[in-house]
Every structure is written in structure tokens, then in C-alpha cells.
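The values are calculated or read from the model by the stated rules, or taken from the named source; none is laboratory data. All figures in this text were calculated on a predicted structure; none of them were measured in a lab. Ideal geometry is used to build each Cβ from the backbone, glycine not excepted, and the neighbour counts take in all protein chains shown.
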Amino acid sequence: MPASTVNTKAAPRPAARRGPPLAWVGWVFLILLALVTVIYIGSKAWSNPILFLQNFLDGLKLGFVYALIALGYTMVYGIVKLINFAHGDVFMVGAFTSFYAVSRFNLHQWPLALFPGINPGLSIVIGSLTVVLLSMGVCVILAVTIERVAYKPLRDAPRIAALITAIGVSFFLEFFGALPFVFSGRFIPYKSPFPTTAWYIQDGIHPIVSGTASPDNTISFSNIFLIIAAASILVQILLQFIVKRTKVGIAMRAASYDKSTARLMGINVDQIISFTFAIGAAFAGLGGVLYAVAYSSIWTQLGILPGLKAFVAAVLGGIGSIPGAFVGALIMGQAESLTMSYISTPMRDAVAFTILIIVLLVKPTGLFGEPAQEKA
Amino acid sequence: MELGYLAGTIVKMVALIAWIYGLLWGLGRKKLWQKALTVVLAFVVIQAVILAKLGGVALFSAFDQTLLYQAITMAMVALGLNLIYGFNGQFSLAQWGFYGIGAYCAADITYRWTNGDASGLVIVGFGVILGGLAILGVGKFLKRKRGVPVLSSFTFYLFAIVAAGLVAVWLGKAVSTALAPGFGTAEAPGPLASPMALQAVFFLSVIFAGAFAALVSFIFGLPVLSLGSDYFGIATLGFAIIVKTLLVNSDTILPFPEMKGGRGMLGIPKILASMAPGDEPGIAGFFKNWTPAWLWAFVFLILVLVIVRNFVRSSTGRATLAVREDEIAARAMGIDVAGNKLLTFVVGSFVAGIGGAIYAHYMGFLTPSSFDFIAGFNPLIIVVFGGLGSMTGTIAASFGWIFFLEGFLRVLLGQLGTDAPSWRFVLYPIALLLLMLVRPQGLLGTVEWGFFRAEGFGARLKEAIAGPPGQKPKMAGE
């Protein structure tokens, strides 16, 4: 009998310490906020589902481009814990490289110029691929140079010093590019290396005759959207393969987990870091070309906001996680597209950062992120 | 190239930097009368230089005056940022946003006032007072329950501030309609439309603009400061971008048609613009049209210097440094780490808001593109150049930045050719990169000098900020 009385007395103790006080207030606030957003957007979607689907497609397009940029951010942050601000400007350089290749040097027509008898369709495919590969190559060279010149000497310096350096590199690229003899500071109309075709869906898929608008209440999409989606998904698969299956990938993961131990295991960490920058830059170059083709106007500060949003996407998905970056980028694309069409176009940037703050407060590791390891 | 002009520019700039250091040295004297004398002398010297004319040509051209104002506002913004980043180790890019908020807030108050509408002043005044009271009340309530999560306390503060804002708008509208007859008509201006009243309103508007920026920084900083250094940097960058977006759409998204959105806000009373009086001869002629333009700028400069310095040299300031060096150790010493970060952020933003208000009333024209987040990297670069955790260095870097880069380099590059000025933005990042590679703790490290090292107004602190001056400087965020 005395034992049971002790038990009943002891029982309320754990109940009295129920975590932090008033935690429910914050949750109720967040849930209410989410409910209001969902109900608002849901009612709009219900009243015009076609428009909603069109926005959804636009958001996907944006999200796939963000995914290409976010990969570079997430890999670099995963391995050197540096927000590589210059990544967005590498993306811009990729867009400009392809612009010069196409507009000045007609590089996209080289198969037709060399072999006049070639199938024009094949010529466009090969030519466009050459342009993309050239941009990727230029971006890789640029990123590796930046890494070697600016970041490598600061590897043991405080992280903030490296971050400021990254900002400096980013500014240098933007304003050096804006000099009149480099890229010029104006908006430049971008000429696509391949012809655009669009379709609309209304009892089947019909092509849109160029120069005319798609009929009302239909969803339209173009080959650019298909190419962006395909490229983005392919890159994801390729990167998953590289990181999970190849020796370099294993070395990358080892270096991101613990650099000094990786060095003891015979991994050349500096080379691996350069390789990480190179892969990220290659995808950023691809993203730059596709972004320029899709939005058809480029300037030297083109990379800032997509870069920042891609970084937010990487954080949202869990920084260091490659599938996380993909999912985060798709969510960011949707958030931006829905904000643009249902709330207010100028506030599209605000939404990205609001999402960042909320995600970091609620789940600091992001959706797919691993909890931070305690290091001695 | 006109070498004479260039040499003259250099001499003027060196003289101005010597002036600010003389001011700091004098303020660092022990006796109160020495400090007072320094302040008066420092004021009189510049005022005399502004008034002086050599053979009919003003010694101090309008361009030089612009540079002086830019240097003063930049010193305010950068001092605030140094408080947040240099002394507390929080990498903030939001400073430029608070600068913009302060500028637009103060400009709106005086703009409405000159148009016979007291609502700006009254609403913002009630807003900052009620908002401050709401924050204090909620803070008292939350302090009783230990360990409330950030999200919940944010919710409480947000609702309290929104409620206070609504009450302020309601009260302010009532009071401003009651005050409306005081302005009189265009033919018979009332007592509120007098120039004296405008000067008083200007003073209040600067203080209120700072307080408003501080209020915004409180509600923004509360959730964001808990994120950790890198994420905090990105979130504050986002804040600066959002502020600019809102300013561009201030007439559509925000209910302020007089701000005219991206077209820019015209018609702000240029209270600080006419530093030199009219051309009438004689001493009486000088003072006939004299306006307290330079006096205001000087008063607010001294105010900001004293606020920042006394904050850093107080026990709160020492706690701030402890938080920068090691958060866990600081917590073990009984320092409220989150509260300390928030307080530093709020004080830094307050100073930035004051700087913005000064800027607005000097320029008389505001456009959102001046508050672009790219320009917001300037104070950051200044703080890094001057040394993280060195107020002396920040002042030197702000004045040096404005005079040599904005002034001298612009003059020099302007003479080299039309394309050359765009090189400035190529040279800044290179300088920043070199500095980061060669001397990451900034040019002056944590060295302090003059006023910033000496015993302050009645302060009984004997120890200098971070120990003896010979100590190895340490970088923030390590």
C-alpha cells in the first residue's frame, strides 16, 4: 500500500514539466497563418482551376531552374560551410557566355555551316548542346579560379571573412561585367539557340501558331518548359549517381563529414573542394542558359535574386542534401508563382525570405537535412 | 587633369578627417569644460569654414558640403552596424533597410507637416510610444514565464505591436484633426506653420524615425536573431530587399500616396540643405538668413557618438562583447544572450534610422533605388575596413570612404574619361578582397582612440573595452 501512494505522488511530477510554457501560442499562430493562406489560395484555385494549373506549370518551370542553381549552393555549403554568393553570378556568366556564343558567333549553327547537308533538326540539337557545354565549361573555369584565388587562402579564417570575400567576388563579377567593354550594364534581349514552340491543352494537345495567343481558359506550355524539366531531372539523377556511386562522390561525402579525417584517409580535400565548386558551376551554367532562354532578357545583375532564392530553396530542403535542394526549389517556385498571381507581384521576393525564416524557426535543419553533428 | 583642383580636394578631405579626430580627442578629455569647449569649437570651425569665402569663391563648395553630410550619415549607419556586427558578432545586412525606413519615416512626418497635416508626427509619435509600452508590458509578462519559445513570444509581441499601432492610428487621426486649425490658411498661417515649429517637428521626426526603425528592428530581430550567423545574414539581406520592394510600391501596397513609390518622394523640406546663409555683407548679414542646418547635423552626430560609445562602455556593452566571443560562456556568466543580441540590434537600428532621417532632410528627395540592398553593402565594407569592434576605425573608414572614394576618386575618375566612374564599383570589391586576404580583422583591428577610449560623461569605467590596447585583435564570429 505505501508503495502505491508513493507512485501516485510521483506521477504528477513529469506532467508538471511539459516542455516550454506557452509553446502552443506560436503553433496556433503559424497554423492559423497557414490555414488562411491555404483557404485563400484554395478558393482562388477553385474559382478558376485552369488558371491555377497554368500558375502551377509556371511555378514548376521556375522551380526547375532554381533546382539547378540550388545544387551548387547546397553542395558547396555542405562541404566548406560557405554561402557562395558568387554562385548566382557564375549563373549570370553562363547566360552571357551563351548569349555571345549565339548572337555574335552563331555557334549554334556550326553543324549546318560545316556540313551543309545535315538534317536541320539534328543541327539545332547538336549546336544548342555545344552552346550549353561551352557555357558550362566557362562557368567551371570561372568557379574553380574563384575558389583557388579567393576562397582557398581563407579556408582556416573565420567563416565571416570567407562570406565577405564571397560577397566581394560577387560584386566584382557584377560590376566588372557591367563595364562597357565587358558585357555592358544594360538589359540585353536574348536570342535563343533553338526555336520555341508552344502548345495548349484543350481536348488534346494543339500547337500554338506563332504570333497568336493561346485560346482563353487553356493551359499552355512550351518546349522550353519540357527542356528545363528534363535537364533538371537528368542533372538530379546524374548528381545522385556521382555522389552515391563514384569514388569522387564518396570522397566528397567524407570531406563534408570531417575534413581532417578525410585527409588522413588519403583524400586530397582541396581537389575535392575544387571539384565540388566545378560541378556546382557546371549546373549553374546550364541553369543560366535555360533561364536566359526561358525569360529572354539578360543583364549583369541577373544572378542575384535567383541565386538568393536558390539558396533559400537549399536551406528549405535541408542544406547539404541534394534531393532536399530539388524539393525545396520546386516549393520555392510554386510559392513564388502563386504569390505572383494571387497576392502581389512585387511581394514575390518577400515570400521567399518569409519562408526561410519560418522554416528555420520551425525546423532548423530543413525538410531533408540531417541534424547537425556535435563536433569536439 | 586639373592638378590644383585635385590637390585642393585632398587638402580639404585631410582637414576634415583631422577635424573629426580633433573632435574625438577633445571629447576624450577629462574635464567637462574641456569637452564642452571642444564641442563648441568643433561646431564653430566647420560653420566658419562653410561661411568663409576666399575672393568671392566659397571655400567649401556644395559638393564638399554634400560629402560632409554623406560622411556624417554614413558614420551613423556604420557605427550602428559596427555595434551589431563588430561588437556583437551578428552579421547583419539589414542596416541599409533601417536606414531607408528612418529616411522615409522622417520625410513623411515633415512632408505632411509642411502640407498642413500633423497626422504623420502624431501617429508615429503615438505609435512609437504605445509600441514601446506594449513591448515593455509583454516583456514583463513573458519574463515571468521562463523559457517561452521564440515563436510564441514573437506572436505576443506582434499582436501587441499591431494593437498599439491601431490605437495609435485612431488616436493620431483624432488629435491631428483637432490640431488642423493650428496651421491656419495659406494667407494667414497659424502658429503650427511657423518656421520654428517646423524646426521642432524636424527634431522630433528624427528621433521618432530612429525609434520607429528600432521598433521594426525589434519585431524583425526577435525571431531572426535566433537563426544563427549565416542564416541571420541571409534573412537580413531578405529584409533589405523587402524594404526596398515596399518602398518601390509605397503608393500601391502601402497606403502612402505621398511617397510616390518608385518615382521618388519629392517636396521633403530641405531643413539641412542650406548650410550657408545668403550673400548679404557683414556679420548681421551672415546671421540674418542663418539656418540651424549644420547645427542639427552636428547635434545628431554628437548624439549618435555618445549613444554608441556609452552603450559599448556600459555593463551591457561588456555583455555584448562577451556574447560575441563565446555565447555559451556568456550564458554561463548569467548574460541573457538572446536579449543582449536583440538590444544591440535595436540600438544599432535606432542609430541607422537617425542617419536616414538626416539624409532625407539634406537631400530633400528620396528614391527607393538609394536604398537598394547593393548599396547596403557599403556600410558593411566600411565596418570591415575600419576594424570589427573599433568605433574609431569605423569613423575613420566612413569619412575616408566618402571623401576618398566618393569624393576624390569620383573627381579623379571623372577627369580620366566618361567610362571611368563605373570602375569605382570594380575597385571596391577588389579592395575588399585584398583586405580580407591580407588583414581580415580590418585596418585598425579593435584599436580605440580619443573619446572612445577615455572615461565618458560621468562614466566610472576604468578598463578599456577589450582589455589592454596591445592585445591581439580578435575577429567577430569566430
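Here are the numbers:
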{"item": "Flag if B:ARG146 is within 14 Å of chain A (Cβ to nearest Cβ) and either free of Cβ contacts under 8 Å to residues at least 60 places away in the same chain or in a helix (DSSP H, G or I) (or both)", "result": "yes"}
{"item": "Unique match (being assigned to a helix (DSSP H, G or I), more than 14 Å from chain B (Cβ to nearest Cβ), crowded, with 24+ Cβ neighbours inside 10 Å and aliphatic (A, V, I, L, M)) among A:ALA352, A:ALA314, A:ALA292, A:ALA310", "result": "A:ALA292"}
{"item": "Residues within the stretch A:176-187 that are under 23 Å from the mean Cα position of the chain (by Cα) and either at the interface with chain B (Cβ under 8 Å from one of its Cβ atoms) or outside any helix (DSSP H, G or I) (or both), tallied", "result": "1"}
{"item": "Given (1) at the interface with chain A (Cβ under 10 Å from one of its Cβ atoms); (2) at pLDDT below 85, index of the condition B:ALA293 fails", "result": "(1)"}
{"item": "Count of the stretch B:215-237 residues which are within 20 Å of the chain's Cα centre (by Cα) and either among the β-branched types (Val, Ile, Thr) or within 10 Å of another protein chain (Cβ to nearest Cβ) (or both)", "result": "6"}
{"item": "So B:ILE207, is it within 14 Å of chain A (Cβ to nearest Cβ) and in a helix (DSSP H, G or I)", "result": "no"}
{"item": "Residue check, A:SER220 more than 10 Å from every other protein chain (Cβ to nearest Cβ), part of a strand (DSSP E or B) and within 30 Å of A:PHE56 (Cβ to Cβ)", "result": "yes"}
{"item": "Enumeration of residues in the stretch B:245-266 that are more than 9 Å from every other protein chain (Cβ to nearest Cβ), modelled with pLDDT of 85 or more and part of a helix (DSSP H, G or I)", "result": "B:LEU247, B:PRO257, B:GLU258, B:MET259, B:ARG263"}
{"item": "The listed residue being assigned to a helix (DSSP H, G or I), out of contact with any Lys or Arg (no Cβ under 9 Å at 6 or more places or on another chain) and more than 15 Å from A:PRO306 (Cβ to Cβ), out of A:GLY63, A:GLY42", "result": "A:GLY42"}
{"item": "Candidates B:GLY317, B:GLY353, B:GLY364 - the one that is farther than 24 Å from B:ILE219 by Cα and out of contact with any His (no Cβ under 9 Å at 6 or more places or on another chain)", "result": "B:GLY364"}
{"item": "Selected residue (criterion: surrounded by the most Cβ atoms within 10 Å (Cβ to Cβ)) from residues of the stretch A:27-80 that are within 14 Å of another protein chain (Cβ to nearest Cβ) and without any contact (Cβ under 8 Å) to a residue 12 or more places away in the chain", "result": "A:PHE29"}
{"item": "The stretch B:114-140, residues that are assigned to a helix (DSSP H, G or I), over 20 Å from B:ALA213 (Cα atoms) and at pLDDT below 90", "result": "B:THR114"}
{"item": "The stretch A:317-335: number of residues that are among the aliphatic types (A, V, I, L, M) and not in a helix (DSSP H, G or I)", "result": "1"}
{"item": "Criterion (among the hydroxyl-bearing types (Ser, Thr, Tyr) and modelled with pLDDT under 90) met by exactly one of A:SER256, A:SER337, A:SER274", "result": "A:SER256"}
{"item": "Filter pass, B:PHE212 being more than 8 Å from chain A (Cβ to nearest Cβ), of a type outside the set (Lys, Arg), surrounded by fewer than 23 Cβ atoms within 10 Å (Cβ to Cβ) and within 20 Å of the chain's Cα centre (by Cα)", "result": "no"}
{"item": "Residue within the stretch A:123-146 that is within 14 Å of chain B (Cβ to nearest Cβ) and closer than 26 Å to B:LEU427 by Cβ present", "result": "yes"}
{"item": "In the stretch B:122-139, the residues that are over 20 Å from the mean Cα position of the chain (by Cα), within 16 Å of B:TRP170 (Cβ to Cβ) and touching a residue at least 60 places away in the same chain (Cβ under 8 Å)", "result": "B:GLY127, B:GLY131"}
{"item": "Extreme residue, surrounded by the fewest Cβ atoms within 10 Å (Cβ to Cβ), among residues of the stretch A:197-238 that are polar (S, T, N, Q) and over 29 Å from A:ALA325 (Cα atoms)", "result": "A:THR212"}
{"item": "Entirely in the stretch B:309-424, the helices (runs of 4 or more DSSP H) that have 3 or more residues that are farther than 25 Å from B:ALA18 by Cβ and within 18 Å of the chain's Cα centre (by Cα)", "result": "B:337-363"}
{"item": "Test: residue in the stretch B:185-204 that is under 20 Å from the mean Cα position of the chain (by Cα) and within 14 Å of another protein chain (Cβ to nearest Cβ)", "result": "no"}
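Okay, residues lined up against (1) over 24 Å from A:ILE242 (Cα atoms); (2) among the aliphatic types (A, V, I, L, M):
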| site | (1), (2) |
| --- | --- |
| A:ASP258 | no, no |
| A:ILE272 | no, yes |
| A:PHE277 | no, no |
| A:PHE283 | no, no |
| A:GLY288 | no, no |
| A:VAL293 | yes, yes |
| A:SER296 | yes, no |
| A:ALA310 | no, yes |
| A:ILE319 | no, yes |
